[in-house]
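Q: My questions all concern the structure below.
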Protein chains: 2
Amino acid sequence: MKPREIGITELVLRDAHQSLMATRMAMEDMVDACADIDAAGYWSVECWGGATYDACIRFLNEDPWERLRTFRELMPNSRLQMLLRGQNLLGYRHYEDGVVEKFVEKSAENGMDVFRVFDALNDPRNLAHAMQSVKKVGKHAQGTICYTVSPVHGTEDYVALAGRLLDMGADSIALKDMAALLKPQPAYDIVRAIKETYGEDVQINVHCHATTGVTQVSLMKAIEAGADVVDTAISSMSLGPGHNPTESVIEMLDGTPYTTTVDRTKLKPIRDHFAAVAPKYKKFMSAVTGVKTDIFQSQIPGGMLSNMESQLKAQGAGDRMDEVLLEVPNVRRDAGYPPLVTPSSQIVGTQAVFNVLMGKYKVMTGEFADLMLGYYGECPGDRDPEVVEMAKAQTKKEPITERPADLLAPEWDGLVEQTSALEGADTSEEDVLTMAMFPQVAPKFFKERHEGPRNVGMTEEQVEEERRKAAGLDKALHEPIKYTVTINGQSRSVSVEPA
Amino acid sequence: MKPREIGITELVLRDAHQSLMATRMAMEDMVDACADIDAAGYWSVECWGGATYDACIRFLNEDPWERLRTFRELMPNSRLQMLLRGQNLLGYRHYEDGVVEKFVEKSAENGMDVFRVFDALNDPRNLAHAMQSVKKVGKHAQGTICYTVSPVHGTEDYVALAGRLLDMGADSIALKDMAALLKPQPAYDIVRAIKETYGEDVQINVHCHATTGVTQVSLMKAIEAGADVVDTAISSMSLGPGHNPTESVIEMLDGTPYTTTVDRTKLKPIRDHFAAVAPKYKKFMSAVTGVKTDIFQSQIPGGMLSNMESQLKAQGAGDRMDEVLLEVPNVRRDAGYPPLVTPSSQIVGTQAVFNVLMGKYKVMTGEFADLMLGYYGECPGDRDPEVVEMAKAQTKKEPITERPADLLAPEWDGLVEQTSALEGADTSEEDVLTMAMFPQVAPKFFKERHEGPRNVGMTEEQVEEERRKAAGLDKALHEPIKYTVTINGQSRSVSVEPA
């Protein structure tokens, strides 16, 4: 029997450097790999998203739209893929539908092919308009399920969500495991159940991080269950808080009833390119290597943990972490078990800190109150009615049940006006979108854009210098320092070198 | 249905530090973890083998027998496990049967429970006497299959070898994948075929390295095929050229029809202990982190590659590596496809270098000629008769077909005599065995043994200093250096600090 072909989505241009080096990789460190990536036969190439956009304008003085156009030009044969936070686009608030539509339209126009659309709460209403916009421009709309573990997240709940996404016209379903919590058996069960419920021809893409060291096995079981595409990162930019290595996933399928569309001879130059580039970004690199399995017990992602720790320390209460760790599951339960992913992880974590320091819900953060009152959307489970009442009382706001974006008035014209007043902004709709999504950062970026991209990594010389230092070679290389010292009228030449 | 219980063999005390830090870990850095390891519920604890024995006397001035007795005392509830190179014991030549028997007897007496017996060529005759000796002292005899990939290593060949091992009375079969070549499908096929041929109650243990990033999936498929025990290393001493992480393998089984006998709450202190210890051995650590998949194409393990490179460079022929890489498969084929593992990897690699530099088999190494003439045992496939003739001609030796150890005369009494002449050797049979296996190193060790163990790792203070240096904190901490400089009779106080 002919093996079934599994597609591979390469993550190195987006999530890999986002997870491993704080999204700092400059475009100039990616361009030389693009021809090989384009020729390798990936199902898609993920290369754009919220953090890359943000980092471009915040740190790299790079126009993210220019980056997208460059990718399009350099990879004419590839499906370019992006991650889109539904109604939040790439920003941190809900946008009015007109802005969402405009963003999708411009992204498609600049070269995007596959839109992976998700919402942190898995509220389908927060995805609907973005999905519809993608369909409208004739691109690939990938509806996303954020995977988490809770009493209200059973296989049947994920199957129901997949149904909602398919009803929106999703061209494929992504199962997105941002915390590396997806174990092999649930991976198998969820993929199989979606296929059995909606048909074997429903395309399922599986995205896992590698953090906990179990998810490559989960990819295998997902494939056995019928998954069509899996996400990987080239080995030199893989593992740790990143993803499973592309080469290993491909090799793993040898002899099984599955094969891939990727030409493995093309992977070596891609690997070597990023192996050479990665050391430039050492100072941004995650200290975490190897695997971390604590999250299976604590349910608390690493980033959330360090966030809570620094909040406690700032309050001189660094010794109360254990209480906070016990409080997190309570807060999450009261809020209806949101997946713990940006921004819900921060919202839940901060409230747990507040509860420990000031008494249970004595003081709510504005964000937590909004979460309880429905302003982020519908939570997966029931919210605790008493806590909802407290949120109402503290904020004088009423709970809502409608889609949050329905409360917003058209805002495009206002955004155009704001943007056109900024120094260095051109009249393009791309600039308006940059301003819309990153109003704090955009003005400075527009002003400095003409200076051109900045590479925040080390130069090759600096990398070489670091390498020598690490190898203890720096001392031997430096010439002795020569002084002329004159004492009591007598000059002497003194040479000083490291002992 | 009650899940099937999978046993776990913990490798941290032997193969993990052998693979990750050149076997340098001192006993004092292990003792504090032993109580937790003993309580965790592992199927066995691997803690002894050739490289650990060698490192003990060569680098650590530790008596390996004392180490074994200490493990026995500290882990009274655990099966202690060792790796034994069949007729080679822990040394590099064949030993006469009496020495083999004595070694096994003393190992059992000092506390060993499980003997994993293997031969680099998979020649069952090289395992037979060691297996028989283990049975004789009533311990667990684990017959081992070295996994490799070649035209003469099909599933049926491994099944046949398993049969030979079971005929010897093997209490279990180990499938040993030292180069991380075992992909999921062959792992499944081999385990399933052995079970189907010899019965579901044949115990199968699977040992994989992690190097290529596919073998955790292979462990999963082996378990699905019926494997009873899998080998892992605690996460803080895992991955890279080491092994799959214990915690991840246990978590991976959640929800499947399999569970483990390990209490996962006991793993955290073991992990934390070795996370603290590992940085002390930084300078011995493998530079390889992440995964390396090239071996799937080249069939050449990393150690063999670097060995051949340095041989070529020594001959001023560093530019001929490509020719050597093409020659390796030819030499391996001519030699009847030995697995490429110590010592066969070095023997084949060096001969490939000779062939390229001096013409095909114009000059043979003594070791390669011996391999061709049967002095290492039977090779898996047919050896090339022409090359055998050339080996005969060059060495004036006749090929043998009998078991190599059959050519050896009893040697125990001679070894006793040699040992008793050495300064610092006591009259124990353990010392005679040390001398037998490491005649170059033992004399110096006996002489210096009274000085007690040496820890070649850094002290905690040095680790802290390194950490500060890496964080750029060393400069800030050092006081400025003050000089009194007198020029032309005038004294001035000068303070120098880093710019």
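The values are calculated or read from the model by the stated rules, or taken from the named source; none is laboratory data. Here the structure is a predicted model, which means the values were calculated and not measured. Positions of Cβ are generated from backbone atoms using ideal geometry, with glycine treated the same way; all protein chains shown enter the neighbour counts.
Q: Would you mention how many residues in segment B:247-304 are aliphatic (A, V, I, L, M), out of contact with any Pro (no Cβ under 8 Å at 6 or more places or on another chain) and within 30 Å of B:GLN351 (Cβ to Cβ)?
A: Going through segment B:247-304 one residue at a time, the tally reaches 3.
Q: Mind listing just one residue for me: the one in segment B:248-265 that is closer than 21 Å to B:ARG79 by Cβ, not polar (S, T, N, Q) and not in a loop (DSSP other than H, G, I, E, B) and, of those, modelled with the lowest pLDDT?
A: This residue is B:ARG264.
Q: Checking the structure you have, find out if any residue of segment A:136-145 is in a helix (DSSP H, G or I), touching a strand residue (DSSP E or B) at 6+ places or on another chain (Cβ under 6 Å) and either more than 30 Å from A:ARG69 (Cβ to Cβ) or among the hydroxyl-bearing types (Ser, Thr, Tyr) (or both).
A: Within segment A:136-145, the first condition is being in a helix (DSSP H, G or I), and the residues that meet it are A:136.
After this cut, where a residue has to be touching a strand residue (DSSP E or B) at 6+ places or on another chain (Cβ under 6 Å) as well, the list is none.
No, every residue in segment A:136-145 fails to be in a helix (DSSP H, G or I), touching a strand residue (DSSP E or B) at 6+ places or on another chain (Cβ under 6 Å) and either more than 30 Å from A:ARG69 (Cβ to Cβ) or among the hydroxyl-bearing types (Ser, Thr, Tyr) (or both).
Q: Still on this model: Can you tell me which of B:GLU224, B:GLU251 is facing chain A (nearest Cβ under 9 Å) and either of a type outside the set (Asp, Glu) or farther than 30 Å from B:GLU464 by Cβ (or both)? Quick ask: steps written out before the conclusion?
A: Working: B:GLU224 fails: facing chain A (nearest Cβ under 9 Å).
Residue meeting the stated conditions: B:GLU251.
Q: Residues being farther than 24 Å from A:SER238 by Cβ and not in a loop (DSSP other than H, G, I, E, B): count how many of those fall in segment B:208-244. Even if it seems obvious, please write down each step before you answer.
A: Of the residues in segment B:208-244, the ones farther than 24 Å from A:SER238 by Cβ are B:223-229.
Those left that are additionally not in a loop (DSSP other than H, G, I, E, B): B:223-224, B:229.
Result for segment B:208-244: 3.
Q: So is A:TYR147 over 20 Å from A:LEU433 (Cα atoms), free of Cβ contacts under 8 Å to residues at least 40 places away in the same chain and not basic (Lys, Arg) or not?
A: No, not satisfied.
Q: How many residues does segment B:168-191 hold that are charged (D, E, K, R) and away from every other protein chain (no Cβ under 13 Å)?
A: Taking segment B:168-191 and keeping what is charged (D, E, K, R), we get B:171, B:176-177, B:183, B:189.
Now restrict to residues that are away from every other protein chain (no Cβ under 13 Å): B:171, B:176-177.
Result for segment B:168-191: 3.
Q: Only residues that are without any contact (Cβ under 8 Å) to a residue 40 or more places away in the chain and in a loop (DSSP other than H, G, I, E, B): list them for segment B:153-166, please. Talk me through it step by step, then tell me what you get.
A: Here is the first cut: in segment B:153-166, the ones without any contact (Cβ under 8 Å) to a residue 40 or more places away in the chain are B:154-156, B:158-161, B:163, B:166.
The one that is without any contact (Cβ under 8 Å) to a residue 40 or more places away in the chain and in a loop (DSSP other than H, G, I, E, B): B:GLY154.
Q: Filter segment A:212-228 down to residues that are surrounded by 24 or more Cβ atoms within 10 Å (Cβ to Cβ) and among the aliphatic types (A, V, I, L, M) and give me whichever is nearest to A:LYS195 (Cα to Cα). Please lay out each step first, then the result.
A: Quick first cut of segment A:212-228, residues surrounded by 24 or more Cβ atoms within 10 Å (Cβ to Cβ) only: A:212-223, A:227.
Those left that are additionally among the aliphatic types (A, V, I, L, M): A:214, A:217, A:219-220, A:222-223, A:227.
Numbers: A:VAL214: 23, A:VAL217: 20, A:LEU219: 16, A:MET220: 16, A:ALA222: 11, A:ILE223: 12, A:ALA227: 9 Å.
Selected residue: A:ALA227.
Q: Counting only residues that are assigned to a helix (DSSP H, G or I) and either of a type outside the set (Ser, Thr, Tyr) or surrounded by fewer than 17 Cβ atoms within 10 Å (Cβ to Cβ) (or both), how many does segment B:415-463 have?
A: Going through segment B:415-463, the residues assigned to a helix (DSSP H, G or I) turn out to be B:415-420, B:429-437, B:442-451, B:460-463.
Then keep just the ones that are either of a type outside the set (Ser, Thr, Tyr) or surrounded by fewer than 17 Cβ atoms within 10 Å (Cβ to Cβ) (or both); that gives B:415-418, B:420, B:429-433, B:435-437, B:442-451, B:460-463.
Residues meeting the conditions: 27.
Q: Return yes when B:THR256 is within 21 Å of the chain's Cα centre (by Cα) and either among the small types (Gly, Ala, Ser) or facing chain A (nearest Cβ under 10 Å) (or both) and no when it is not. First the steps, then the outcome.
A: Numbers: within 21 Å of the chain's Cα centre (by Cα): no; either among the small types (Gly, Ala, Ser) or facing chain A (nearest Cβ under 10 Å) (or both): yes.
Spelling it out, it is not the case that B:THR256 is within 21 Å of the chain's Cα centre (by Cα) and either among the small types (Gly, Ala, Ser) or facing chain A (nearest Cβ under 10 Å) (or both).
Q: Confirm whether B:GLN418 is polar (S, T, N, Q) and at pLDDT below 95. It would help to see each step written out before you state the result.
A: Values: polar (S, T, N, Q): yes; at pLDDT below 95: no.
Answer is no for this residue.
Q: Would you check which residues across segment A:167-207 are surrounded by 22 or more Cβ atoms within 10 Å (Cβ to Cβ), of a type in the set (Gly, Ala, Ser) and part of a helix (DSSP H, G or I) and list them?
A: A:ALA187
Q: Got a number for residues in segment A:339-368 being modelled with pLDDT under 95 and not in a helix (DSSP H, G or I)?
A: Within segment A:339-368, residues that are modelled with pLDDT under 95 and not in a helix (DSSP H, G or I) number 5.
Q: Let me ask you something else. A:ASN244 versus (1) farther than 25 Å from A:ARG79 by Cβ; (2) at the interface with chain B (Cβ under 8 Å from one of its Cβ atoms); (3) surrounded by 24 or more Cβ atoms within 10 Å (Cβ to Cβ): which is the lone unmet condition?
A: Every condition holds for A:ASN244 apart from (1).
Q: Residue pairs, Cβ under 7 Å, 6 or more apart or interchain, first in segment A:207-226 and free of Cβ contacts under 8 Å to residues at least 12 places away in the same chain, second crowded, with 24+ Cβ neighbours inside 10 Å and in a strand (DSSP E or B). List them.
A: Note: no pairs meet the criteria.
Q: Considering every residue within segment A:313-322, establish whether at least one is part of a helix (DSSP H, G or I), hydrophobic (A, V, I, L, M, F, W, C) and closer than 24 Å to A:LEU181 by Cβ. I'd like the intermediate steps shown before the answer.
A: From segment A:313-322, those part of a helix (DSSP H, G or I) are A:313-314, A:318-322; that's our starting set.
Those still in the list that are hydrophobic (A, V, I, L, M, F, W, C) too: A:314, A:321.
Filter once more, keeping what is closer than 24 Å to A:LEU181 by Cβ: A:321.
Yes: segment A:313-322 contains one or more residues that are part of a helix (DSSP H, G or I), hydrophobic (A, V, I, L, M, F, W, C) and closer than 24 Å to A:LEU181 by Cβ.
Q: What is the number of the single condition among (1) under 17 Å from A:GLY255 (Cα atoms); (2) out of contact with any strand residue (DSSP E or B) (no Cβ under 9 Å at 6 or more places or on another chain) that B:GLU200 does not meet?
A: It is condition (1) that B:GLU200 fails.
Q: Further question on the same structure: Restricted to segment B:49-75, and to residues that are among the acidic types (Asp, Glu) and not in a loop (DSSP other than H, G, I, E, B), which residue is farthest from B:GLU430 (Cα to Cα)? Before the answer, list the steps.
A: Quick first cut of segment B:49-75, residues among the acidic types (Asp, Glu) only: B:54, B:62-63, B:66, B:73.
Next, from what is left, pick out any that are not in a loop (DSSP other than H, G, I, E, B): B:54, B:66, B:73.
Numbers: B:ASP54: 14, B:GLU66: 10, B:GLU73: 18 Å.
Residue satisfying both the conditions and the ranking: B:GLU73.
Q: Taking B:ASP15, is it assigned to a helix (DSSP H, G or I) and surrounded by 24 or more Cβ atoms within 10 Å (Cβ to Cβ)? Talk me through it step by step, then tell me what you get.
A: On the way: assigned to a helix (DSSP H, G or I): yes; surrounded by 24 or more Cβ atoms within 10 Å (Cβ to Cβ): yes.
Yes.
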